[in-house]
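In what follows, a single structure is set out as structure tokens and then discussed.
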Amino acid sequence: MGSTTEWTVLEDQPNPGNHTILTKVDKLRELIGTKVALPQLVVVGDQSSGKSSVLEGLTGFGFPRDAELCTRYATQITCRRENVESIDVSIIPHADSPTYEQERVKKFHRTLKEMTPESLADLFKEANEAMGIRSSTKSTLSDGSILPAFSEHILKIEKLGPNEEHFTVIDVPGIFRKETEGVTTEDDIALVMNMVKNYMKDTRTIILAIMPSNVDPATQEILKLAKKADPSMTRTMAVLTKPDLAIERTTQNIAIDHVLGKRSDLSLGYYIVKNRGPDDSDMTLEQGQADEKRFFSQGPWAALRGTGKAGITALRERVRELLIDLIKKEFPKLKAEVARELTRLRALLSDMGQSRSNQHSQREYLNRISEAFQALARDALDAYYTGNTIFEERHDLRLITRIVEAIENYSDDMATNGHTRPFASNFTSDEDDTETLFTPTSKNRSNKVPEPEDGTYPELEEIFDTLDTVMPDTSGQEDIMDYISGVYRDSRGLDLGIAGGPLTSTMFKEQSKKWKPITLDYMSRVIWAVHHFIVQALEATCPDERVREELWSGYLLEELQKSYRGAMDKAKELLSIEREGIPLTLNHYFNDNLQKAQSGRLVSHIEKLGTEGDMGTPDANGTIIKSEPGIHLTWAQLKNLSFNMANSQYVQEYMHDLLKSYYKLSRKRFVDVVCQQAINHHLLRGEGNPLQIFSTRMVLNLNEDQLDMIAAEDAPVKVRRAKLGHDIEQFEQALKVLKGTD
């Protein structure tokens, strides 16, 4: 199997300036050669097209002829003039290979005394084994898996010495189109073809298309591949090989015409070389070049004399010129590209935040997250929705607005449905009992806050007892006056018939028995809204999923559940105080309402006794100056005014007015206290409320083990951070090389 060869050929003569610029390319190749396309030349061709011989002529290395040792991976050969002679060999791991494999192949290192076919054969065998490539002696692993035939790692050979010419060559596997049973597969064919195409496609690459002279170049598929990579054909050069096999005169003339430019459509033209063949294994490279020179001086090939396009020496010189020109042209663009990539890498590393390898950095990392969380919570509580763009997109996170909606719905529900039995029509004005009820907004709002029945947060279900929110069935029961009559009959004693405190307590507890399910239901909805905000705010401020999960399950959730239980317990305590205790109030509105109810009953009886008519209003002299509609009573009627009712009926009506006056005042007071203490204090603003759990104080109280568990970076993050740090270092050094400051 042949090989496709990609190289950069460099020379330090005759212009000293070329030595400097070529040395820079060598340094760049070491630093960023696998990450940024550098000016280079790629040699492509079909199997047995003579690529290995061209490579030998350009590098001076004699490659082994063993078919098993054909190129199975890219081989980067660098020659550079130095005072000390050395040949060092290592493996550059492929960037996308697993970390463990990269570490394994990096350990491969060899030192050679000389570059001979024999020493290279031994080297390739060892490299194949290091890269885990299939061989005749080993094709499977212990687990039965088949070893690959090719690798995307790069074998690096660096040869230094005082007589070396300055160049770099990368030899990659050659294109083949037919699989060999037990050796190669269809997947191998595709892998090699893609590898070669990747080398050809970059605009900083000169394509050197290798073709045998005994075949018409116009029919070669390699030129079609080059045309796809280089549509204008301005960076493609063709090299004809094996002219000694072109026996027919017509074939010879076709090859000569292409070299002379008579049939060429390539800007860089055609070159022709004759190198050692398989039967010339005993011929040295120097002898091979002398033989080549004699060959082109005879027969029809002598027509190429003076063109500068025949022979390996002419090709080598032209390649050097092209690459030096390309390097000079591309250096400004390369500098800008390296600078952009360096900026991008630094931004990626900055987005990861500071390394969290110790207790101090871990605590600082969590502090930054907690501060961002608290800032979001403050804005949400203060309705400062312009403080963060998240509130524009997520109305469900406008926390205080959602809480106010829930509170107003709660107040409305208590006013409308809180009583067990409707009170009888009273005798006060309608204005006294008018409730300003809240009209809820549309439930079709986007980003609706989850509710208990949605089951969004199962971790909250253990906090609530569903039996607490079951409404008692009050259908089919007697009206309130019948209820009061029954209570009175079952509770009266030997007294003067005046309703006492215990009786009022009994009636009030019965009349307010819906308070518990209504209150606890709304408490659960408020808790759901607070919990939803905390979950979403934590996700927004802590993008690292692993840290967020450790923080949540390891500390926050347990503390949040404790805080929610405290709020629910407070609501239950307030219910017990209000409903189980003795009715008590110092609020003057209680007496005002009671007196108004009693006065209303009196006015009602007066209306029944009196006569309607116009009443005049006398002035200071007794003169009637105004007439108003009203009720007329005689002194006799007034002196004999009586309700004419039984003592029990009077007491029952008084009990109704007393209960209604106290219930109305107690309900409003209770709703306010629940909102102020259970919701506002325990859930929103008081000490230890759930919104304050994830705070700087919490972070400061974490011990070293907790910090490490929550905030330490996991292995993939550490690897990514290390890789970014290494890449940044390499690109920084590369930028110095390009600027000439290194």
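Restricted to strands (runs of 3 or more DSSP E) entirely inside the stretch 1-119, those with at least 2 residues that are in the same structural domain as residue 199 (by TED's automatic domain parsing), at pLDDT 80 or above and of a type outside the set (S, T, N, Q) are 40-45, 86-92, 109-111. Scanning the stretch 168-193 for residues that are crowded, with 23+ Cβ neighbours inside 10 Å and not β-branched (Val, Ile, Thr) gives 171, 173, 174. Candidates are the residues of the stretch 253-279 that are hydroxyl-bearing (Ser, Thr, Tyr) and either more than 53 Å from the chain's Cα centre (by Cα) or surrounded by 15 or more Cβ atoms within 10 Å (Cβ to Cβ) (or both); the one that is farthest from residue 312 (Cα to Cα) is 264. Could you tell me whether residue 131 is within 21 Å of residue 95 (Cβ to Cβ), in contact (Cβ under 8 Å) with a residue 12 or more places away in the chain, assigned by TED's automatic domain parsing to the domain that holds residue 48 and buried (at least 17 other Cβ atoms within 10 Å of the Cβ)? When the stated conditions are applied, residue 131 passes them.
Against the definition (outside any loop (DSSP other than H, G, I, E, B) and either crowded, with 19+ Cβ neighbours inside 10 Å or at pLDDT 85 or above (or both)), how does residue 215 come out, yes or no? So residue 215 does not fit the description; no. Between 428, 456, 420, 386, the distinction of being in a loop (DSSP other than H, G, I, E, B), buried (at least 16 other Cβ atoms within 10 Å of the Cβ), at pLDDT 80 or above and among the hydroxyl-bearing types (Ser, Thr, Tyr) belongs to 420 only.
Which members of the stretch 459-475 meet the condition of being part of a loop (DSSP other than H, G, I, E, B) and over 41 Å from the mean Cα position of the chain (by Cα)? If the condition is that a residue be part of a loop (DSSP other than H, G, I, E, B) and over 41 Å from the mean Cα position of the chain (by Cα), then 470, 471, 472, 473, 474, 475 are the ones that fit.
Taking first residues from the stretch 168-195 that are in the same structural domain as residue 210 (by TED's automatic domain parsing) and partners that are in a strand (DSSP E or B) and aromatic (Phe, Trp, Tyr), the Cβ contacts under 7 Å between residues at least 6 apart in sequence or on separate chains come to 168/7; 169/7; 170/7. For residue 323, are the conditions met, namely being without any contact (Cβ under 8 Å) to a residue 60 or more places away in the chain and either surrounded by 15 or more Cβ atoms within 10 Å (Cβ to Cβ) or not charged (D, E, K, R) (or both)? Criteria not met by residue 323. What residue, among those in the stretch 156-208 that are in a strand (DSSP E or B) and more than 30 Å from residue 335 (Cβ to Cβ), is modelled with the lowest pLDDT? Here the residue is 173. Does at least one position in the stretch 541-551 carry a residue that is in a helix (DSSP H, G or I), under 13 Å from residue 568 (Cβ atoms) and in contact with a Leu (Cβ under 8 Å, 6 or more places away or on another chain)? So far as the stretch 541-551 goes, no, none of its residues is in a helix (DSSP H, G or I), under 13 Å from residue 568 (Cβ atoms) and in contact with a Leu (Cβ under 8 Å, 6 or more places away or on another chain). When only residues in the stretch 547-556 that are surrounded by 15 or more Cβ atoms within 10 Å (Cβ to Cβ) and in contact (Cβ under 8 Å) with a residue 60 or more places away in the chain count, which is nearest to residue 362 (Cα to Cα)? Result: 547. If you go through the stretch 671-712 and keep only what is outside any helix (DSSP H, G or I) and not aliphatic (A, V, I, L, M), you end up with 686, 687, 688, 689, 694, 695, 703.
In the stretch 237-252, the residue that is nearest to residue 48 (Cα to Cα) out of those that are without any contact (Cβ under 8 Å) to a residue 40 or more places away in the chain and either outside the structural domain of residue 227 (by TED's automatic domain parsing) or exposed (fewer than 14 other Cβ atoms within 10 Å of the Cβ) (or both) is 247. Taking the conditions exactly as written (of a type outside the set (Phe, Trp, Tyr), exposed (fewer than 15 other Cβ atoms within 10 Å of the Cβ) and farther than 19 Å from residue 315 by Cβ), does residue 158 satisfy them or not? For residue 158, the condition - of a type outside the set (Phe, Trp, Tyr), exposed (fewer than 15 other Cβ atoms within 10 Å of the Cβ) and farther than 19 Å from residue 315 by Cβ - is not met.
Against the condition out of contact with any His (no Cβ under 7 Å at 6 or more places or on another chain), exposed (fewer than 15 other Cβ atoms within 10 Å of the Cβ) and closer than 30 Å to residue 343 by Cβ, how does residue 714 come out, does it pass? So residue 714 passes the test.
Taking only the stretch 527-546 into account, find how many residues are surrounded by 24 or more Cβ atoms within 10 Å (Cβ to Cβ) and either farther than 21 Å from residue 388 by Cβ or at pLDDT below 95 (or both). The number of residues fulfilling the criteria is 1.
A single entry from 230, 202, 280 fulfils the requirement of being charged (D, E, K, R) and in contact with a Gly (Cβ under 9 Å, 6 or more places away or on another chain): 280. For the condition among the acidic types (Asp, Glu) and at pLDDT 90 or above, residue 230 qualifies.
The values are calculated or read from the model by the stated rules, or taken from the named source; none is laboratory data. Computed from a predicted structure; not experimentally measured. Note that each Cβ is placed from the backbone with ideal geometry, even for glycine, and that neighbours are counted across all protein chains shown.
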